[in-house]
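Below is one structure, written out as structure tokens, with a few remarks after it.
The values are calculated or read from the model by the stated rules, or taken from the named source; none is laboratory data. This structure is a prediction, so every number in the text was calculated from the model and none was measured. Reconstructed Cβ throughout: ideal geometry from the backbone, glycine too, with neighbour counts over all protein chains shown. The accessibility values were calculated without ligands, DNA or RNA, using every heavy atom of the protein model including side chains. Shrake-Rupley method; radii C 1.70, N 1.55, O 1.52, S 1.80 Å.
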Amino acid sequence: MPDYISIKKKNISLIGLMGSGKSMIGKHLAKEFGMKFYDSDVEIEKITKKSINLIFEEYGEPYFREIESKVCLNLLNEKNCIISLGGGAILDKKIRNKIKSDSYCIYLKVKIDELIQRLKKTTRRPLLKNVNIKSKIDTLYKNRKIYYNKANLIIENNGNKNETLDIIKKKLIFR
């Protein structure tokens, strides 16, 4: 289990672009540390009883961001858990402030070319529908990198998930 005395935070949050591995890494870390795991997108779907795609189609991105803000702020109040935040959640100032005050934040950084490979066949990402994926990912990264780079820990997650997990575990346990 992470040493919360030394990191002085309620929980661990994972941030990064879509496809960066936040959910996969988060689930593995939670299992390893015996902690609860939350995925903000899954929680949004539970509350609304609609898929993220359907929320975007029916109500648009601004409505989705409103719900996302409420859900993420609630999740960031939880203790001793790992939270995978949606890629765009970091754009919300209230969420950024809550992360800074209450959460040990890990940015899973992935090379753009790797993200494109991971996402090129997806149908579950509303921001990637009917657009040039490379151009969209480039734009999202440019708009978000200033916030991603303020994380407590930045980890490259371009290849082997076990290597990524090992690096994170060492950083969290031996502080």
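Here is a yes/no grid of residues against (1) assigned to a helix (DSSP H, G or I); (2) touching a residue at least 40 places away in the same chain (Cβ under 8 Å):
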{"residue": "Leu17", "(1), (2)": "no, yes"}
{"residue": "His28", "(1), (2)": "yes, yes"}
{"residue": "Lys31", "(1), (2)": "yes, no"}
{"residue": "Arg65", "(1), (2)": "yes, no"}
{"residue": "Glu68", "(1), (2)": "yes, no"}
{"residue": "Asn74", "(1), (2)": "yes, no"}
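Got a number for residues in region 128-147 being at pLDDT below 95 and open to solvent by less than 80 Å² (accessible area, probe 1.4 Å)?
Going through region 128-147 one residue at a time, the tally reaches 11.
Going through Tyr63, Tyr104, Tyr59 one at a time, which residue ends up being crowded, with 19+ Cβ neighbours inside 10 Å and among the aromatic types (Phe, Trp, Tyr)?
Working: Tyr63 fails: crowded, with 19+ Cβ neighbours inside 10 Å; Tyr59 fails: crowded, with 19+ Cβ neighbours inside 10 Å.
It is Tyr104.
Determine the pairs where a residue that is farther than 22 Å from Lys8 by Cα, located within region 152-166, has a partner that is in a helix (DSSP H, G or I) with Cβ atoms under 8 Å apart, the partner being 6 or more residues away or on another chain.
Glu156/Thr164; Asn157/Ile25; Asn157/Thr164; Asn158/Glu114; Lys161/Met24; Lys161/Ile25; Lys161/His28; Thr164/Ile25
Here is a list: Ile12, Ile5. Which entry is surrounded by fewer than 16 Cβ atoms within 10 Å (Cβ to Cβ) and either under 20 Å from Ala89 (Cα atoms) or at pLDDT below 90 (or both)? Break it down into steps so the answer makes sense when it comes.
On the way: Ile12 fails: surrounded by fewer than 16 Cβ atoms within 10 Å (Cβ to Cβ).
None of the other options fit; the residue is Ile5.
Would you call Ile44 open to solvent by less than 90 Å² (accessible area, probe 1.4 Å) and modelled with pLDDT of 95 or more?
Working: open to solvent by less than 90 Å² (accessible area, probe 1.4 Å): yes; modelled with pLDDT of 95 or more: yes.
Against the criterion (open to solvent by less than 90 Å² (accessible area, probe 1.4 Å) and modelled with pLDDT of 95 or more), Ile44 qualifies.
Could you say whether any residue in region 24-35 is within 23 Å of Arg144 (Cβ to Cβ), open to solvent by 10 Å² or more (accessible area, probe 1.4 Å) and in contact with a Gly (Cβ under 9 Å, 6 or more places away or on another chain)?
No, because not a single residue in region 24-35 is within 23 Å of Arg144 (Cβ to Cβ), open to solvent by 10 Å² or more (accessible area, probe 1.4 Å) and in contact with a Gly (Cβ under 9 Å, 6 or more places away or on another chain).
Report yes if Glu78 is part of a helix (DSSP H, G or I), acidic (Asp, Glu) and surrounded by fewer than 19 Cβ atoms within 10 Å (Cβ to Cβ), otherwise no. Spell out how you get there, then give the answer.
Numbers: part of a helix (DSSP H, G or I): no; acidic (Asp, Glu): yes; surrounded by fewer than 19 Cβ atoms within 10 Å (Cβ to Cβ): yes.
Judged against the criteria, Glu78 is not a match.
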